[in-house]
Amino acid sequence: MERPGDEHDDRRTVPLLVPKHAHGEGSNNDDKQNDEEEEVGSLGRRVLVESKKLWVVAGPSICARLSTFGVTVISQAFIGHIGATELAGYALVSTVLMRFSGGILLGMASALETLCGQSYGAKQYHMLGIYLQRSWIVLLCCAVLLLPIYLFTTPLLIFLGQDPKIAAMAGTISLWYIPVMISNVGNFTLQMYLQA
């Protein structure tokens, strides 16, 4: 059903898509090849640009993870020169105790990444700092709840059937790791905050 005045409306005859090249029919194959070459070139350029952006974001995180892991590996290598009991105690603390507490703290901190991402997407920038501060409080409470494991490592390991010499050494080393666990609160929360 046509409305009055539709036959004089120029909008009905204007094409929605205008062709890029207005050449004759004989050059269609050449145009297709040129378009494909342009797309490949632009795809390579786009991949390079996107890769640079990803490295800017991921590079500091990779360095932080490698340096955190490197401290453990280098410390373990040097402690291995002291003696077998010391190495066993350090290995127990660094692999079992620190991974257990680090897993809990990292799991709790990963909620911050979700909340900050949602706030940023909703343009509620004031909530980013509030979520960061709340996560510090929550993770510090978790660290306080994990503190007895560090304080009572020796009796806990003896109860689990570990050699008393190794358990005593692990108990001493676990006391040194209390500041490391508490520093992980700030480390994990800031990583998640900056990644969001």
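Summary of computed values
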item	result
Condition check for Phe188: among the aromatic types (Phe, Trp, Tyr), on the phi < 0 side of the Ramachandran plot and surrounded by fewer than 20 Cβ atoms within 10 Å (Cβ to Cβ)	no
Check on Leu194, assigned to a helix (DSSP H, G or I), surrounded by fewer than 18 Cβ atoms within 10 Å (Cβ to Cβ) and not charged (D, E, K, R)	yes
Meets criteria (without any contact (Cβ under 8 Å) to a residue 12 or more places away in the chain and over 17 Å from the mean Cα position of the chain (by Cα)) for Val144	yes
Candidates Thr68, Thr95, filtered to the one that is assigned by TED's automatic domain parsing to the domain that holds Gly171, modelled with pLDDT under 90 and under 23 Å from Leu146 (Cβ atoms)	Thr95
Segment 117-132, subset out of contact with any Ser or Thr (no Cβ under 9 Å at 6 or more places or on another chain) and part of a helix (DSSP H, G or I), residue surrounded by the fewest Cβ atoms within 10 Å (Cβ to Cβ)	Gly121
Residue in segment 166-180 that is among the hydroxyl-bearing types (Ser, Thr, Tyr), in a helix (DSSP H, G or I) and free of Cβ contacts under 8 Å to residues at least 24 places away in the same chain present	no
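The values are calculated or read from the model by the stated rules, or taken from the named source; none is laboratory data. Here the structure is a predicted model, which means the values were calculated and not measured. Ideal geometry is used to build each Cβ from the backbone, glycine not excepted, and the neighbour counts take in all protein chains shown.
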